[in-house]
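Shown next, in structure tokens, is the structure this report addresses.
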Amino acid sequence: MIKILFPILVGLFLSTQAYSQLTSENYWQLKSELAGLINKLRAEKQLKPLAFDYTLEQAAVMHSEFMALNRVLQHEEVDPKKLSPRARVNFCGGRDFEIVGENVVQSSTQTFPLVKESISKLAKELFEAWKKSPGHYANMINKSYELADLAFSVDQTNNIVYATHVFGKKGTVIPNQLSKNGFGLKLADPKCADKFESYLNLVYNLGNCITILNNREVWLEVSDKQMFNTIFSNPKDGLAIDLIDWNQLKCGKENELDMSPIYDGVLMKPMYRDELSKANIAESDYRVIIKLADIPVEMQTSKLEPSILLLKDGNVCMYLTPLEQEKGQYKLVPAKPKLLDPENTTLEPHGIVKSVTLDYDFAPRDSVPKSYPDLSAIGKKVHSVYIQSYSSVDGDSLSNAYYHYMRAKKIKEHIKNKLRLSESIIQMDYQENWELMDYQMRYYLLDDLLEMKHNEIRIKYKNHPEIPWQKLFSKQRRSCATINFEADLAPGTPLNVLAETNLRTALINKDWNLANKAMAILYKNGKVPGFIFEIPFYDILKDTPELTQNVAALFTLLPEPNRQEVNLFLMACLKRTPTLTNDARENLLILYALISFEKLQIWDLPAQQLAKIIEPKKVHAMTQNRTFSPEATVNMHLTFINYFGQINDSKNISKSFDYIADYFEKKVLSQDDNVKLVRFFNNWSMYHLTIERLKPLFKEKKLNKEALFILAKACAFYKAGSDESFTFEVIKSTVVYKKEFCGWIYSNFQLLRNEELKKLYCKTCGS
């Protein structure tokens with residue numbers, strides 16, 4: 001009984017030697033008649049006949065002899081250099097073949113010597129065996145093959161003929177190569193990709209991290225430096241860029257991919273781990289931005305796409321092609337702060353209507369001002385005076401205590417004597433400015449100092465000579481006096497002016513109910529008074545727990561809430577979390593999202609800019625065992641996910657991702673809502689969720705144009721999430737939107753590597 005083995009279709013070169021135990025006349029008659037039957041079949045399918053090729057004949061004869069000698073029907077051989085059909089064609093010098101296939105078969109027992117009639121019968125027997133086998137039949141009618149050759153060998157013990165038919169198509173030699181030997185790169189064991197199984201979506205995404213700038217330079221931008229270091233963990237791990245020209249895949253001709261088993265276009269010089277690390281110019285500690293190659297001048301006028309050869313241990317492990325994905329971030333949802341509006345509290349038509357701040361300049365380690373400000377123009381209706389004197393933290397605590405107290409005292413004496421004021425209306429605040437020092441250390445990323453006690457910081461700050469300490473210390477030394485003036489307000493005074501006057505007065509008089517009433521009115525009228533950032537009002541607003549809720553609400557109205565004063569306010573509040581009500585905490589969450597969200601949208605956020613944003617872990621501590629409005633909570637997570645995305649904290653990214661996805665999934669009411677959701681999935685490389693969500697809707701024909709293209713792109717890119725037949729079904733359905741379909745494929749022309757898709761594109765788009 002005749003036996004055949006499933007054929008092999010491979011993408012490159014093969015090899016072997018020829019030897020026959022048939023007579024020369026038998027051999028050539030059998031070869032001629034079997035080749036004739038195969039070409040007749042191809043003619044019936046309107047395909048070109050297969051021409052004989054000496055290299056393919058050598059490979060066929062080599063393998064037929066191996067099978068007959070070992071009495072086995074298989075594609076593999078023992079010698080590593082001849083292990084596969086591809087290896088055998090390579091061994092025979094056929095490196096100019098782009099694709100190769102192989103059919104093998106063994107005959108029934110033959111009676112030798114063979115006559116012409118028995119040769120014809122044997123040829124038909126071998127042909128019919130291949131024709132009845134789907135895999136072998138597919139090889140015989142494969143339109144891509146242009147060349148083929150046959151060889152036979154006899155197992156003389158059993159009188160069985162072994163036949164091998166090797167198919168091939170010679171590849172294209174792409175010009176402008178930078179290296180004749182592909183920089184010595186070789187193919188790795190395909191199992192090398194198993195190392196990436198747990199984060200395969202991120203590895204695929206590398207293909208979309210490549211950008212061609214002005215058709216002159218190739219750049220790599222990766223958001224997760226830690227994952228990048230995981231992928232390129234060994235010195236011989238790296239990547240190389242393969243530039244593919246649109247003309248290689250253009251309609252009207254067969255695809256022209258380079259015959260090299262390594263690359264398909266023009267290969268740029270590989271870069272390995274240490275060189276990649278050294279070339280990174282990203283400002284963020286968590287990003288990767290690398291110039292990978294300069295495009296040769298002769299290629300700069302071409303339409304190009306870059307692919308990545310992913311190298312593991314110096315060998316080519318994966319070939320990654322780019323495919324644009326539609327991504328999007330959710331914006332903050334409207335979240336209204338909760339106001340504290342005390343009952344039975346009314347605004348008064350009298351109070352502080354104006355404040356003047358006077359600066360006093362002191363030399364270091366001096367308690368007498370360099371000069372005194374002129375007080376001759378100060379009016380007589382002084383309500384109160386607030387003196388503030390800080391010392392920088394660099395001196396010892398005893399000396400600092402002396403200086404900031406004596407400076408405050410000198411200021412007090414000056415104002416009291418010149419204006420003839422009662423001592424009772426003058427307040428003094430004097431201390432070391434550790435609050436500003438804490439902010440400055442965080443700004444300059446001095447985590448080692450932040451963990452120390454004050455006395456240790458005084459000594460250890462000198463370990464950072466790169467920091468402009470004297471400039472920072474001068475900012476910490478702040479000596480000034482604020483003089484508040486009172487007056488009666490005229491009838492009909494605008495409500496906002498009345499509220500501002502009452503707020504000034506309430507803060508100085510420590511009337512927290514009146515202060516909250518005034519702030520509630522100002523918030524409802526959309527008014528943020530400028531004086532709230534002035535001394536002493538800002539310090540009182542910042543440091544008083546009873547005012548936190550309404551202060552946070554007012555700050556949310558600021559057109560640019562991301563400023564140092566608001567950050568310091570938040571930091572001060574987070575240090576006194578136990579004293580805050582639930583509503584105050586919720587308002588702080590809303591404010592935190594407003595001041596942090598937009599800043600975190602910057603992809604390559606410099607470390608010092610990131611340091612200005614309060615860490616989510618500190619904010620999250622304030623939310624423990626508390627329930628807030630869904631809007632405030634989702635805004636918190638929208639901010640958290642971007643922060644953790646900046647530092648690549650995958651565990652916390654997942655927590656916020658799950659909350660955000662759940663929140664918006666429950667609100668999907670329309671196709672637009674659905675599109676926003678899957679764009680969010682794609683933004684965080686969760687392509688499988690995009691496919692899972694849109695696949696059922698596709699089958700129910702419920703996708704609009706935008707969602708349909710998002711699904712098509714996700715399926716074409718993330719092959720692990722969809723089988724080939726479904727992917728093609730989705731892509732084919734987009735043809736109804738001809739303009740968008742043609743534009744998408746043209747912009748991502750490496751999709752035309754797929755013959756069926758190319759046929760669809762060329763038929764639809766015509767070029």
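Filtering the range 210-221 to residues that are crowded, with 20+ Cβ neighbours inside 10 Å and out of contact with any Pro (no Cβ under 6 Å at 6 or more places or on another chain) leaves only LEU220. Being on the phi > 0 side of the Ramachandran plot, modelled with pLDDT of 90 or more and not acidic (Asp, Glu) is not true of PHE152. Selection over the range 280-297 of residues that are assigned to a helix (DSSP H, G or I) and in contact with a strand residue (DSSP E or B) (Cβ under 7 Å, 6 or more places away or on another chain) gives a count of 0.
Which one of TYR663, TYR659 is open to solvent by less than 30 Å² (accessible area, probe 1.4 Å) and not polar (S, T, N, Q)?
Working: TYR659 fails: open to solvent by less than 30 Å² (accessible area, probe 1.4 Å).
Selected residue: TYR663, the only one of TYR663, TYR659 that is open to solvent by less than 30 Å² (accessible area, probe 1.4 Å) and not polar (S, T, N, Q).
The condition of being assigned to a helix (DSSP H, G or I) and open to solvent by less than 100 Å² (accessible area, probe 1.4 Å) holds for PHE473.
The residue of the range 367-416 that is least open to solvent (accessible area, probe 1.4 Å), among those that are acidic (Asp, Glu) and in contact (Cβ under 8 Å) with a residue 12 or more places away in the chain, is ASP394. Condition check for LEU554 on (1) outside any loop (DSSP other than H, G, I, E, B); (2) at pLDDT below 95: one failure, at (2). Within the range 293-312, restricting attention to residues that are more than 16 Å from GLN248 (Cβ to Cβ) and touching a helix residue (DSSP H, G or I) at 6+ places or on another chain (Cβ under 8 Å), the residue that is surrounded by the fewest Cβ atoms within 10 Å (Cβ to Cβ) is LYS312.
Going through (1) under 50 Å from the mean Cα position of the chain (by Cα); (2) buried (at least 17 other Cβ atoms within 10 Å of the Cβ); (3) touching a residue at least 40 places away in the same chain (Cβ under 8 Å); (4) within 30 Å of ILE508 (Cβ to Cβ) one by one, GLN431 falls short only on (2).
Among the residues of the range 284-314, those identified as at pLDDT below 95 and under 18 Å from the mean Cα position of the chain (by Cα) are SER284, ASP285, TYR286, ARG287.
Looking only at residues of the range 704-713 that are open to solvent by 40 Å² or more (accessible area, probe 1.4 Å) and either aliphatic (A, V, I, L, M) or assigned to a helix (DSSP H, G or I) (or both), we find that the one that is nearest to LEU677 (Cα to Cα) is GLU706.
SER277: over 30 Å from THR501 (Cα atoms), out of contact with any Ser or Thr (no Cβ under 8 Å at 6 or more places or on another chain) and in a loop (DSSP other than H, G, I, E, B), yes or no? So SER277 does not fit the description; no.
Among the residues of the range 494-534, the ones that are exposed (fewer than 15 other Cβ atoms within 10 Å of the Cβ) and of a type in the set (Val, Ile, Thr) come to 1 in all.
Every listed requirement among (1) free of Cβ contacts under 8 Å to residues at least 60 places away in the same chain; (2) among the hydrophobic types (A, V, I, L, M, F, W, C); (3) farther than 28 Å from TRP246 by Cβ; (4) crowded, with 17+ Cβ neighbours inside 10 Å is met by ALA282 save one, (1). Elements of the type helices (runs of 4 or more DSSP H) sitting completely within the range 632-703 and holding at least 3 residues that are under 28 Å from LYS617 (Cα atoms) and more than 21 Å from the chain's Cα centre (by Cα): these cover 650-665.
Contact map, the range 452-477: residues that are within 16 Å of GLU432 (Cα to Cα) paired with residues that are assigned to a loop (DSSP other than H, G, I, E, B) and open to solvent by less than 100 Å² (accessible area, probe 1.4 Å), Cβ distance under 6 Å, separation 6+ or inter-chain. Pairs shown: PHE473/SER392; PHE473/ASP394; GLN476/SER392; GLN476/ASN433; ARG477/SER392.
Determine, yes or no, whether GLY351 is surrounded by 13 or more Cβ atoms within 10 Å (Cβ to Cβ) and over 50 Å from the mean Cα position of the chain (by Cα). Taking the combined requirement at face value, the residue satisfies it.
Sort out which residues of the range 566-608 are basic (Lys, Arg), assigned to a loop (DSSP other than H, G, I, E, B) and touching a residue at least 24 places away in the same chain (Cβ under 8 Å), and write them in order of number.
Hit for the range 566-608 is ARG576, nothing else.
LEU73 meets each of the listed conditions (1) part of a loop (DSSP other than H, G, I, E, B); (2) open to solvent by 40 Å² or more (accessible area, probe 1.4 Å) apart from (2). Among the residues making up the range 238-256, those that are surrounded by fewer than 20 Cβ atoms within 10 Å (Cβ to Cβ) and in a loop (DSSP other than H, G, I, E, B) are LYS250, CYS251, GLY252, LYS253, GLU254, ASN255, GLU256.
The residue list ALA87, ALA60 contains one member that is open to solvent by less than 40 Å² (accessible area, probe 1.4 Å), of a type in the set (Gly, Ala, Ser) and at pLDDT below 95, which is ALA87.
For the range 508-551, the set of residues classified as part of a helix (DSSP H, G or I), at pLDDT 95 or above and either within 20 Å of THR482 (Cα to Cα) or among the aromatic types (Phe, Trp, Tyr) (or both) consists of TRP512, ALA515, TYR523, LEU541, listed by residue number.
Here's the yes/no breakdown for (1) of a type in the set (Phe, Trp, Tyr); (2) part of a loop (DSSP other than H, G, I, E, B); (3) touching a Phe, Trp or Tyr at 6+ places or on another chain (Cβ under 8 Å); (4) closer than 30 Å to GLY184 by Cβ:
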{"site": "LYS336", "(1), (2), (3), (4)": "no, yes, no, no"}
{"site": "VAL356", "(1), (2), (3), (4)": "no, no, yes, no"}
{"site": "PRO369", "(1), (2), (3), (4)": "no, yes, yes, no"}
{"site": "SER376", "(1), (2), (3), (4)": "no, yes, no, no"}
{"site": "TYR390", "(1), (2), (3), (4)": "yes, no, yes, no"}
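Of all the listed residues (LEU558, LEU570, LEU574), the sole one being closer than 19 Å to ARG626 by Cβ and open to solvent by 10 Å² or more (accessible area, probe 1.4 Å) is LEU574.
Results for (1) among the β-branched types (Val, Ile, Thr); (2) touching a Cys at 6+ places or on another chain (Cβ under 7 Å); (3) not in a helix (DSSP H, G or I), shown as yes or no for each residue.
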{"site": "TRP130", "(1), (2), (3)": "no, no, no"}
{"site": "TYR137", "(1), (2), (3)": "no, no, no"}
{"site": "LYS143", "(1), (2), (3)": "no, no, yes"}
{"site": "LEU150", "(1), (2), (3)": "no, no, yes"}
{"site": "VAL154", "(1), (2), (3)": "yes, no, yes"}
{"site": "VAL161", "(1), (2), (3)": "yes, no, yes"}
{"site": "PHE167", "(1), (2), (3)": "no, no, yes"}
{"site": "ILE174", "(1), (2), (3)": "yes, no, yes"}
{"site": "GLN177", "(1), (2), (3)": "no, no, yes"}
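If I filter the range 136-160 down to residues being out of contact with any Asp or Glu (no Cβ under 8 Å at 6 or more places or on another chain), of a type in the set (A, V, I, L, M) and buried (at least 20 other Cβ atoms within 10 Å of the Cβ), which single residue comes out as farthest from MET268 (Cα to Cα)? Among them, the one singled out is ILE160.
The listed residues are LYS460, LYS453, and the only one of them that is open to solvent by 70 Å² or more (accessible area, probe 1.4 Å) and touching a helix residue (DSSP H, G or I) at 6+ places or on another chain (Cβ under 9 Å) turns out to be LYS460.
The values are calculated or read from the model by the stated rules, or taken from the named source; none is laboratory data. Model, not experiment: these values are computed from the prediction. Here Cβ is always computed from backbone atoms with ideal geometry, including for glycine, and neighbour counts include all displayed protein chains. Side chains are part of the model used for accessible areas, which takes the heavy atoms of the whole protein and leaves out ligands, DNA and RNA. Shrake-Rupley method; radii C 1.70, N 1.55, O 1.52, S 1.80 Å.
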